[in-house]
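Just passing along the structure, written as structure tokens.
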Amino acid sequence: MFERFPEGFHALIQGASRGIGLACVRRLLDEPSVGRVFATARRPDRSEGLQALAEAHPERLITVPLDVTDESSIDDAAAAVGARSERLHLLFNVAGLLHDDSDLKPEKRLADVRLDNLERSFRVNAFGPLLVARAFERLLTHREHAVLANMSARVGSIGDNGLGGWYAYRGAKAAQNMFTRGLAVELARRSRQLVCVALHPGTTDTGLSAPFQSRVPEGKLFSTEYTVEQLFQVISGLGPEDSGSFLAWDGKPIPW
Ligand SMILES: NC(=O)c1ccc[n+]([C@@H]2O[C@H](COP(=O)([O-])OP(=O)(O)OC[C@H]3O[C@@H](n4cnc5c(N)ncnc54)[C@H](OP(=O)(O)O)[C@@H]3O)[C@@H](O)[C@H]2O)c1
């Protein structure tokens, strides 16, 4: 795993308080070739999982506050990371939003669409990863192999949308996909070693999928550990020729 990355490489997981992001941090810390892991969360101090990992790995894990809906929080996080490391080799934007405790839930029909829900979804799922890329660009564009991965979702595929509904989440992930493609084109001019991709994790057992799990066929709901293993296998196999692609957990391309 991670053979293309330099020995002792530096990784950052954005959205690491729980779910897939927390499992990414745990897996990276198990990997001897990873030198340092930055784990960002809105409130790192409120994530028991992250706190336990930070206690177990005080030298290698650095937690950093970052709220993707707050530009200055993103810029402050980039400055804090830049003060500790000159380079990042993996930045994974994992944070995402499908529903919450308020009235944000996937729309079944057009009449369910609300402007403030569209805005919240786009802020977290689309604008956030782009603003993170802007803030961390300097740390990612260097002469060593690096990957900027944005967590998308198959339901963000326009070509694959045969069911409709879920306007805010589908639309925001589709916008994120366009941003990832734009980043791949632009950043290749600054660093040929940087690979920018959109990834789909597969339906995974987290708070995000919890209300919809009864529809998942037997054996098709992944544990966070399985998903992370799959995604890191995909990330490990990426080369510059893969930049600008949209890939699923099994490495297969997804139509835009
Ligand atoms: N689970 C699935 O089946 C599935 C399928 C397709 C795609 N995905 C994508 O995979 C990613 C991870 O999802 P998950 O299943 O692990 O979800 P999850 O368990 O609900 O975790 C969501 C994460 O996003 C963070 N987050 C939300 N708003 C944020 C903000 N404003 N700033 C910073 N962090 C914020 C949460 O932090 P807090 O603890 O602070 O809320 C949490 O760490 C998401 O992008 C999701 O869209 C998941």
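The values are calculated or read from the model by the stated rules, or taken from the named source; none is laboratory data. Keep in mind that this is a model prediction, so the values were computed, not measured. Backbone-built Cβ (ideal geometry, glycine too); neighbour counts: all protein chains shown.
On the basis of being touching a residue at least 12 places away in the same chain (Cβ under 8 Å), over 15 Å from residue 126 (Cβ atoms) and small (Gly, Ala, Ser), does residue 191 make the cut?
Criteria met by residue 191.
Of the residues in segment 115-159, how many are touching a Phe, Trp or Tyr at 6+ places or on another chain (Cβ under 9 Å) and in a loop (DSSP other than H, G, I, E, B)?
7
Of 94, 64, which residue is under 13 Å from the mean Cα position of the chain (by Cα) and within 15 Å of the ligand (Cβ to nearest atom)?
It is 94.
Let's see how each residue does on (1) out of contact with any Lys or Arg (no Cβ under 8 Å at 6 or more places or on another chain); (2) in contact (Cβ under 8 Å) with a residue 12 or more places away in the chain:
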position	(1), (2)
67	no, yes
85	no, yes
94	yes, yes
102	yes, no
118	yes, yes
127	yes, yes
136	yes, yes
139	no, yes
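Still on this model: For segment 82-91, state whether one or more residues are modelled with pLDDT of 95 or more, within 10 Å of the ligand (Cβ to nearest atom) and buried (at least 17 other Cβ atoms within 10 Å of the Cβ).
No - not one qualifying residue is present in segment 82-91.
Residue-wise test of (1) among the basic types (Lys, Arg); (2) part of a helix (DSSP H, G or I); (3) closer than 18 Å to residue 137 by Cβ.
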{"position": "4", "(1), (2), (3)": "yes, no, no"}
{"position": "22", "(1), (2), (3)": "no, yes, no"}
{"position": "39", "(1), (2), (3)": "no, no, no"}
{"position": "49", "(1), (2), (3)": "no, yes, no"}
{"position": "62", "(1), (2), (3)": "no, no, no"}
{"position": "69", "(1), (2), (3)": "no, no, no"}
{"position": "81", "(1), (2), (3)": "no, yes, yes"}
{"position": "88", "(1), (2), (3)": "no, no, yes"}
{"position": "95", "(1), (2), (3)": "no, no, no"}
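Within segment 222-238, count every residue that is buried (at least 19 other Cβ atoms within 10 Å of the Cβ), within 13 Å of the ligand (Cβ to nearest atom) and either at pLDDT below 95 or not β-branched (Val, Ile, Thr) (or both).
Looking only at that region, the number is 3.
Among the candidates 171, 202, 162, which residue alone is surrounded by fewer than 24 Cβ atoms within 10 Å (Cβ to Cβ) and without any contact (Cβ under 8 Å) to a residue 12 or more places away in the chain?
162
Could I ask something else about it? Consider segment 106-138. How many of its residues are more than 14 Å from the ligand (Cβ to nearest atom) and of a type in the set (Phe, Trp, Tyr)?
So the answer is 1.
Separate question: Restricting the search to segment 1-27, which residues are within 15 Å of the ligand (Cβ to nearest atom) and more than 14 Å from the chain's Cα centre (by Cα)?
Once the filter is applied, which keeps residues that are within 15 Å of the ligand (Cβ to nearest atom) and more than 14 Å from the chain's Cα centre (by Cα), segment 1-27 yields 26, 27.
Within the set of pairs 6 or more residues apart or between chains, which connect a residue that is farther than 14 Å from residue 208 by Cα and without any contact (Cβ under 8 Å) to a residue 40 or more places away in the chain inside segment 17-32 to a residue that is of a type in the set (Gly, Ala, Ser) and within 15 Å of the ligand (Cβ to nearest atom) with Cβ atoms less than 6 Å apart?
The qualifying pairs are 25/16; 25/39.
Could you list, in sequence order, the residues of segment 178-218 that are within 14 Å of the ligand (Cβ to nearest atom), part of a loop (DSSP other than H, G, I, E, B) and either within 20 Å of residue 234 (Cα to Cα) or not polar (S, T, N, Q) (or both)?
Within segment 178-218, 201, 202, 203, 205, 207, 208, 216, 217 qualify.
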